[in-house]
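Inspection log for the structure reproduced underneath, given as structure tokens.
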Amino acid sequence: DNSSSSGTESGAAKDGKEITIGYSQLGAESEWRTAQTESIKQAAKDAGINLQFSDAQQKQENQIKAIRSFIAQGVDLIAFTPIVETGWDTVLQEAKDAGIPVVIVDRDAKVSEDLYVAKIGTDSKAEGKKAFEWIDQYMKAQNKTPRDGGSVYNIAVLEGTVGSSVAIGRSEGFEEAMKASPDASKYQILMSQTGEFTRQKGQEVMESFLKSGGRDKIDILFSQNDDMALGAIQAIEAAGLQPGKDIVIVSVDGVKGAFQAMIEGKSNCTVECNPLQGPLLMETAKKILNGEQVDKMVYMEEGVFPADVAEKTLPERKY
Ligand code: AHR
């Protein structure tokens, strides 16, 4: 096992040559994304793999350009994290025609199975489901009256990037779990809008939710990532409310910032989305290039962390 060594001596080779992977990252929108980028860069170093890293700055067209340039360079393998689910068929067909294997990382892409060798990702539908299920049991235990005095808890949703598999999956998982709950009639989604997975947008959109009637109505915030929740916390405080108390907050990712907010009593739960995908990507790439069989789809392991475990868990968090 040379996973902790670096340099090319112990590194990966194909036909005696150093392996080159072209990786198209979608951008740097969140604390989580930074951790995922780091994980991929570090794992490539540790595996002695030459990584061509390209940052698309939230534009699909830039990702397509990057993939085309990897094809032109003749890299050994292409990996990419699709910003949105659709629109990849043509460029992946080009990679296939050039004989370059493709691995889809983190987010999902809707493409036919013959256009990629493996997917390493996050189960966003499961994350949405876990978020609702946590809310459901928490609200039951709290047994609070809805803030508007009615009988239904009002939920506000901060969605992720429009068209991304993770925003779609988290919404679907959340809504399906809500419908399946014996207490389904106690909940309604009052407001839902994209905050583009950024702290800034999360704050702005939450501010507009509060100003457009939500201030005295919203009981629960489901934020599809931690960064948007951290922005929303600022908006909630600015409106004179207590985040984590007046408005119950659950978000997705499990970054340190969310644990800190929970320790301060300002958030209630984070559903983990694991960004430490680098080692599995490098291992999978090596196997593919060695002609070994790999799983078509592998999900990362992901937990749920409510506020009462935040203090104890924070020191163990790696991102
Ligand atoms: O694709 C994973 C999602 O993208 C993370 O939840 C979010 O923080 C990131 O921007």
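Just so it is clear, none of the values below were taken in a lab; they were calculated from the coordinates. As the structure is a prediction and not an experimental result, all values here were calculated from the model. Cβ placement follows ideal geometry from the backbone for every residue including glycine, while neighbour counts extend to all protein chains displayed.
Counting only residues that are crowded, with 24+ Cβ neighbours inside 10 Å and free of Cβ contacts under 8 Å to residues at least 24 places away in the same chain, give me the strands (runs of 3 or more DSSP E) lying completely in region 203-272 with at least 2 of them. Quick ask: steps written out before the conclusion?
Values: elements: 218-223, 248-253, 269-272.
So the answer is none; nothing clears 2.
How many residues does region 296-315 hold that are part of a loop (DSSP other than H, G, I, E, B) and either surrounded by 11 or more Cβ atoms within 10 Å (Cβ to Cβ) or without any contact (Cβ under 8 Å) to a residue 40 or more places away in the chain (or both)? Full working, then the answer.
Keep residues of region 296-315 that are part of a loop (DSSP other than H, G, I, E, B), which gives 296, 300-303.
Still in the running and either surrounded by 11 or more Cβ atoms within 10 Å (Cβ to Cβ) or without any contact (Cβ under 8 Å) to a residue 40 or more places away in the chain (or both): 300-303.
Total satisfying the criteria: 4.
Any idea which of (1) in a strand (DSSP E or B); (2) more than 15 Å from the ligand (Cβ to nearest atom); (3) touching an Asp or Glu at 6+ places or on another chain (Cβ under 9 Å); (4) not polar (S, T, N, Q) is the one residue 178 doesn't satisfy?
Checking residue 178 against (1) in a strand (DSSP E or B); (2) more than 15 Å from the ligand (Cβ to nearest atom); (3) touching an Asp or Glu at 6+ places or on another chain (Cβ under 9 Å); (4) not polar (S, T, N, Q), the one that fails is (1).
Quick one: residue 78 ticks every box in (1) assigned to a helix (DSSP H, G or I); (2) over 27 Å from residue 258 (Cβ atoms) bar one, so which box is it?
(1)
Inspect all residues belonging to region 30-46 and state whether any of them is assigned to a loop (DSSP other than H, G, I, E, B), in contact (Cβ under 8 Å) with a residue 60 or more places away in the chain, charged (D, E, K, R) and within 16 Å of the ligand (Cβ to nearest atom).
Initial filter on region 30-46 (assigned to a loop (DSSP other than H, G, I, E, B)): 30.
Next, only the ones that are in contact (Cβ under 8 Å) with a residue 60 or more places away in the chain stay: 30.
Add one more test, that the residue is charged (D, E, K, R), and what stays is none.
Checked region 30-46: no residue is assigned to a loop (DSSP other than H, G, I, E, B), in contact (Cβ under 8 Å) with a residue 60 or more places away in the chain, charged (D, E, K, R) and within 16 Å of the ligand (Cβ to nearest atom).
Can you name every residue in region 91-114 that is outside any strand (DSSP E or B), β-branched (Val, Ile, Thr) and touching a residue at least 24 places away in the same chain (Cβ under 8 Å)? Spell out the reasoning first.
Filtering region 91-114 for residues outside any strand (DSSP E or B) gives 91-101, 107-114.
Filter once more, so that each one left must be β-branched (Val, Ile, Thr): 91, 100, 111.
Within region 91-114, 91, 100 qualify.
Would you point out the residue of region 224-265, among those that are near the ligand (Cβ under 10 Å from one of its atoms) and among the polar types (S, T, N, Q), that is farthest from residue 202 (Cα to Cα)?
251
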